[in-house]
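Derivation of every value follows stated rules applied to the coordinates shown; laboratory data play no part. Because the structure is a prediction, the values reported are computed rather than measured. Note that we place each Cβ from the backbone using ideal geometry, even for glycine, and neighbour counts take in every protein chain shown.
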Amino acid sequence: MKLNEDVLRGIWKENPTLVQVLGMCPTLAVTNSVANSLAMGVATFFVLCGSSVLVSMVRKLVPNQVRISTFILIIATFTTIADMSLEALVPSVHKALGAFIGLIVVNCIILGRAEAFASRNTVWRSFLDAVGMGIGFSLMLIAMGAVREVLGSGSFLGVPLFGKSYEPWVFMILPPGGFLTLGCLMLAKSWWYARKERLAAEAPARKEAA
């Protein structure tokens with residue numbers, strides 16, 4: 001059960017975007033299309049899983065004085081692999097993402113999980129935690145990218161949806177659109193939790209009435 005919680009925690013309960021509000025730079029900057037969001041999500045997922053596993057493997061060998069610098073070096077190595085892979089496989093997306101791929105090195109989600117979890121737990125648990133956090137982050141990127149591309153460009157993955165008569169909401173693919181979309185997602189999550197708590201509080205009264 002505990003292993004399942006390691007994965008599910010990052011997907012919903014402690015989602016890095018909606019709950020911890022980490023990694024806001026790529027979340028707001030690259031989610032103007034689904035393709036960019038998907039590529040960034042996959043790259044971050046790869047770096048997060050690889051660095052968490054390696055940090056957990058060497059956690060007992062690294063002196064405390066150089067702990068953070070070692071973690072950053074490990075993260076930078078996996079980021080470079082992700083950067084070169086994207087450039088080779090999808091050069092157009094790599095060009096669109098630009099410097100944001102390299103900035104994965106300083107993504108608070110990755111360094112935070114390395115310090116708070118991977119450096120204190122087994123390799124398997126660290127991997128599961130990274131998988132959960134990576135999926136949670138990627139899902140939010142894709143959700144934001146889908147909303148912004150559909151409304152801002154009238155397309156999904158570059159495929160037109162509404163025909164030539166559609167007037168795109170251009171502001172949705174601009175920075176204000178990113179803030180608006182993120183705010184709506186956070187509002188939806190808060191509403192869901194508030195509704196769940198209200199129903200739980202009203203349950204005894206409904207049971208007595210029945």
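Of note:
- The spacing between the range 130-158 and the range 1-57, judged by their C-alpha centroids, is 12 Å.
- The simple spin-label model puts a point 7 Å past each Cα toward its Cβ; for residue 205 and residue 155 those points are separated by 5.2 nm.
- Global form of the range 130-186, assessed from the alpha-carbon gyration tensor, a/c cut-off 1.5: oblate
- Local electrostatic count, residue 67, Cβ distance below 12 Å [Lys/Arg +1, Asp/Glu -1]: +2
- Taking the charge dipole of the range 2-209 about its Cα centre, with +1 at Lys and Arg Cβ atoms and -1 at Asp and Glu Cβ atoms, the residue from 161, 93, 42 reaching farthest to the positive side is 42.
- Fully extending the segment from residue 170 to residue 123 would add 12.4 nm, taking 0.36 nm per residue of separation and subtracting the current Cα-Cα distance.
- Restricting the range 1-107 to trypsin sites (Lys or Arg not before Pro) that sit in a DSSP loop and have at most 13 other Cβ atoms within 10 Å of their own Cβ leaves 60.
- Net charge dipole, the chain: roughly 480 debye, given to the nearest 20, about the Cα centre with Cβ charges of +1 for Lys and Arg and -1 for Asp and Glu.
- Taken about its Cα centre, the range 82-135 carries a charge dipole of about 140 debye when Lys and Arg each add +1 at the Cβ and Asp and Glu each add -1 at the Cβ.
- The percentage of C-alpha pairs in the chain whose separation is greater than 27 Å is 40%.
- Estimated from the Cβ-Cβ distance and a Förster radius of 45 angstrom, the FRET efficiency linking residue 25 and residue 196 is about 0.90.
- Mean Kyte hydropathy of 1.6 or more with a Cα span along the axis of at least 18 Å, helices from DSSP in the chain: 34-58
- Relative contact order (%) - the chain, alpha-carbon pairs under 8 angstrom, separation at least six: 33 percent
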